Amino acid sequence: MGMTIKKLILFIGVLGTSLSAVFVHLSAMPQFALVLYRTGFATLLLLPAFWKHHKELSAANPKLLLLSMLSGMFLALHFAAYFTSLRYTSVSAATVLVDTEVFFVAGFLWVFLHRGQPRRALWGILLAFVGSIVIGLGDQANGTNPFFGNTMALLGAAAMSGYTLLGMVCRKTISTTVYTFFVYFSCALCALLMTLASGLPLAGYDSQSVLAALALAVFSTILGHSIYSWALRYFNPAYVSTVKLAEPIFSTTAFFLLFGQIPTLAAVVGGCLVLLGIGIFTLVKETNV
């Protein structure tokens, strides 16, 4: 498979995760219950394919399987924080701030693994980040509590970086199917505990909310996060995180098409900067891990 095809598949993953804000908007479930249903559905959908990898599972390093479970815990924290942020701040601001994950990832790689980025690639990251900030600042007035919502989005970004970095380690030897099954199963268990601890019901939600959770499982998880996990085998994790900065563009566009929310001038200008930054990073960075 050529690199162009791999980048196209990664782009499909970005589209899938970009739709998550739409499905969260359509669901009335509390955030912990929504995470539980989303990852629970994803785990069940992956189960048939997972059983076909029983030989790989029996030969897998137990430490890597435990790291996969830990990755799922980080993903649960990411989902809980991100879904909470969407209740309090604008869609553009939430998706922008949660995608600052690239800075946590790049910083970790530089400090702990001494894997710095080429200077021109850093300019691409910076430009994409500036574009994201422009989008976020353009929606400052939206939301019931923007400061709290934006803070939760940043916490979601930090948790997402842990998920990405652990995936970088696990995906060197573990297949996408086995890795993502353990991730989603662990994530669902964490969400179950958070739901029970919060005193929330496990059932009795309206059909639209359940269908929205199922859509999250199919489009934003299996066709979104699973693709990100797949891509970590072929791309630098900083590159994958940088490409995710395009999510606010697609999320804002989806809200306009589905709910008539007209994007601001800041969203348009910032979106162009994000795409330009990603283009620069793509041109100058060695993408193979």
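The values are calculated or read from the model by the stated rules, or taken from the named source; none is laboratory data. The shown structure was predicted, so the numbers you read here are calculated from the model rather than taken from an experiment. We place every Cβ from the backbone using ideal geometry, glycine too, and count neighbours over all the protein chains shown. We work out accessible area using only protein heavy atoms, side chains counted, and drop any ligands, DNA or RNA first. Shrake-Rupley method; radii C 1.70, N 1.55, O 1.52, S 1.80 Å.
Among helices (runs of 4 or more DSSP H) entirely within the range 207-251, having at least 2 residues that are more than 20 Å from residue 125 (Cα to Cα) singles out 207-215, 226-231. No other residue among 238, 246, 254, 213 is buried (at least 18 other Cβ atoms within 10 Å of the Cβ), within 23 Å of residue 93 (Cα to Cα) and touching a Lys or Arg at 6+ places or on another chain (Cβ under 6 Å) apart from 213. Whether a residue is open to solvent by 70 Å² or more (accessible area, probe 1.4 Å), closer than 20 Å to residue 156 by Cβ and out of contact with any Phe, Trp or Tyr (no Cβ under 6 Å at 6 or more places or on another chain) was assessed, and residue 275 does not pass this test.
Conditions tested, residue by residue: (1) assigned to a helix (DSSP H, G or I); (2) buried (at least 23 other Cβ atoms within 10 Å of the Cβ); (3) on the phi < 0 side of the Ramachandran plot.
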position: 6; (1), (2), (3): yes, no, yes
position: 17; (1), (2), (3): yes, yes, yes
position: 23; (1), (2), (3): yes, no, yes
position: 28; (1), (2), (3): no, no, yes
position: 34; (1), (2), (3): yes, yes, yes
position: 40; (1), (2), (3): yes, no, yes
position: 45; (1), (2), (3): yes, no, yes
position: 50; (1), (2), (3): yes, no, yes
position: 56; (1), (2), (3): yes, no, yes
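Return the residues of the range 17-49 that are more than 20 Å from residue 185 (Cβ to Cβ) and of a type in the set (Gly, Ala, Ser); say none if nothing qualifies. Result: 18, 21, 27, 28. Of the listed requirements (1) modelled with pLDDT of 90 or more; (2) part of a helix (DSSP H, G or I); (3) of a type outside the set (D, E, K, R), residue 174 misses just one: (2). Could you tell me which of the residues 267, 231, 254 is touching a Ser or Thr at 6+ places or on another chain (Cβ under 8 Å), closer than 25 Å to residue 158 by Cβ and of a type outside the set (S, T, N, Q)? Sole residue among the options that is touching a Ser or Thr at 6+ places or on another chain (Cβ under 8 Å), closer than 25 Å to residue 158 by Cβ and of a type outside the set (S, T, N, Q): 267.
Considering the conditions (1) open to solvent by less than 10 Å² (accessible area, probe 1.4 Å); (2) within 25 Å of residue 108 (Cα to Cα); (3) within 19 Å of the chain's Cα centre (by Cα), residue 281 is excluded by exactly one of them, (3). I'm told residue 62 meets every condition in (1) touching a residue at least 24 places away in the same chain (Cβ under 8 Å); (2) within 24 Å of residue 168 (Cβ to Cβ) except one. Can you identify the failing condition by its number? Only one criterion in (1) touching a residue at least 24 places away in the same chain (Cβ under 8 Å); (2) within 24 Å of residue 168 (Cβ to Cβ) is unmet by residue 62, namely (1). Across the range 147-167, the qualifying residues are those that are surrounded by fewer than 20 Cβ atoms within 10 Å (Cβ to Cβ) and not small (Gly, Ala, Ser), and the one among them that is modelled with the highest pLDDT is 155. Among the residues that make up the range 108-121, is at least one of them without any contact (Cβ under 8 Å) to a residue 60 or more places away in the chain, assigned to a helix (DSSP H, G or I), touching a helix residue (DSSP H, G or I) at 6+ places or on another chain (Cβ under 7 Å) and open to solvent by 30 Å² or more (accessible area, probe 1.4 Å)? Yes, there is a match, as at least one residue in the range 108-121 is without any contact (Cβ under 8 Å) to a residue 60 or more places away in the chain, assigned to a helix (DSSP H, G or I), touching a helix residue (DSSP H, G or I) at 6+ places or on another chain (Cβ under 7 Å) and open to solvent by 30 Å² or more (accessible area, probe 1.4 Å).
Could you please find all residues in the range 252-271 being assigned to a helix (DSSP H, G or I) and out of contact with any helix residue (DSSP H, G or I) (no Cβ under 7 Å at 6 or more places or on another chain)? Matches in the range 252-271: 253, 256, 257, 259, 265, 268.
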